[in-house]
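A.B. asks: Can you read through this structure? Questions will come right after.
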Amino acid sequence: MIEVLAKLGRGPVFLAGEVLECVITFTNPLSASSTSASSEMLAWASAQIHCQFHASENRVALPPTDGSKHDVQAENETVFVPNRGERGQCILSTPPKILFCDLRLDPGESKSYSYCETLPVDGPPSFRGQSVKYVYKLTIGCQRVNSPIKLLRVPFRVLVLHGLKDYQFPQDEAVAPSNPFLEEEEGLKKDSRLADLATELLMVATSRRSLHLYNISNTRGKVGTFCIFKTVYKIGEDVIGTFNFSEGDIPCLQFSVSLQTEESIQEEFQRRRGQPVSFTVHARHQESCLHTAQSSFSLPIPLSSTPGFTTNIVSLKWRLHFEFVTSGESAGSCLVRGSQSEAVTWTGVEQMEVDTFSWDLPIKVLPTNPILASYVSQFSSTNSITI
């Protein structure tokens, strides 16, 4: 028996273009209850990264695959196929790398191998939507002599930040930013600089503030104004906005604000013409606001959510969805006078004519530092199997 343990060095979340590093340890455990321990032998082990794509048959019409090409090797249990037995199709993969050949482990002995690979920058981000899914995995294949291949899959998350692909790093290392207290290899140094560059670009893009004012009105008149200071955010940030109803002509009884994603299939891949868009609510604020002059809301963008992106099949956009309930009468008629003789008591009316209307405000949501996103990731940095 051999235990195979794979551990991602920095966590299960990466930016496209970064270097993924995984340490794979092979151990022949020495059990205290075992009376006759023996050496174990593995013929070879290999590792490869791939992105698996799966689409809902009810929502997405993919072009037919060529079924005439029958891959005999894919059915052979002694051939390393990383996505064997998984749903969907493999749309992206890196070249496989051999970790070792003919490994012999004595009882209690273990050996570790480091796997490093740059994540492709032209792939989609990790996404689990209502219509499509993009899932990234690192697969380690191991085989004993004359035995089927055993696969250890390590799922991880990929964030895509546009603009990193075309950036050219300085050739002169003397002027490049570096930490003089750390000795880093060239690949890891460039990888850390890529993460620092991404953090800087995100900071610049999301720190710009400018006042955006919107008049809220319906067919009967003005309800109020809405104020927001920026429309570009990182996942993990809070979307903050304020309302001013004091200048409105129409009394607002209630409002709600929803933070939503809009998942739409490109027209050529839609199952039905005019197919409706899928919406997902990530946060919601609702408030009764009759006789309220000002109000505000704060909606957190979950770190586990996917930033906006577009592929040839699907598009994901973010928006704020507003719903307002207004009175069909003046503000004074929303209260009635009681029948007490000694004191005056004002109570709400039992019935009231109301109008409802909605409004959508598009916003842009970008990735964040992958280390920060790793804290809430559903994936584990350590995975293992027994052969």
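A.B. asks: Send over a whole-number figure in Å² for the accessible area per residue of segment 242-298, probe 1.4 Å.
C.D. replies: Accessible area per residue, segment 242-298: 54 Å².
A.B. asks: Using 0.36 nm per residue of separation minus the Cα-Cα distance, give me the extension gain between residue 281 and residue 211 in nm, one decimal.
C.D. replies: 22.6 nm
A.B. asks: What's the FRET efficiency of residue 1 with residue 200 using the Cβ-Cβ distance as r and R₀ = 41 Å, to the nearest 0.05?
C.D. replies: Efficiency at R0 = 41 Å is approximately 0.25.
A.B. asks: Evaluate E = 1/(1 + (r/R0)^6) for residue 304 and residue 232, where r is the Cβ-Cβ distance and R0 equals 22 Å; express this FRET efficiency to the nearest 0.05.
C.D. replies: With R0 = 22 Å, the Cβ-Cβ based efficiency is 0.65.
A.B. asks: Still on this structure, I have one more. What FRET efficiency do you get for residue 247 and residue 114 if R0 is 41 Å and r is their Cβ-Cβ distance, rounded to the nearest 0.05?
C.D. replies: Between residue 247 and residue 114 the formula returns 0.05.
A.B. asks: Here's another thing I want to ask about it. Between residue 350 and residue 380, how many nm apart are label points set 7 Å from Cα along the C-beta direction?
C.D. replies: 6.2
A.B. asks: Going 7 Å from the Cα of residue 311 in the Cα-to-Cβ direction, what parts of segment 37-51 have a backbone nitrogen less than 15 Å from that spot?
C.D. replies: 50-51
The values are calculated or read from the model by the stated rules, or taken from the named source; none is laboratory data. Not measured: the values here are computed from a predicted model. Neighbour counts are summed over all protein chains in view; Cβ atoms, including those assigned to glycine, are modelled from backbone coordinates with ideal geometry. All accessible areas refer to the heavy atoms of the entire protein, side chains included, with ligands and DNA or RNA removed. Shrake-Rupley method; radii C 1.70, N 1.55, O 1.52, S 1.80 Å.
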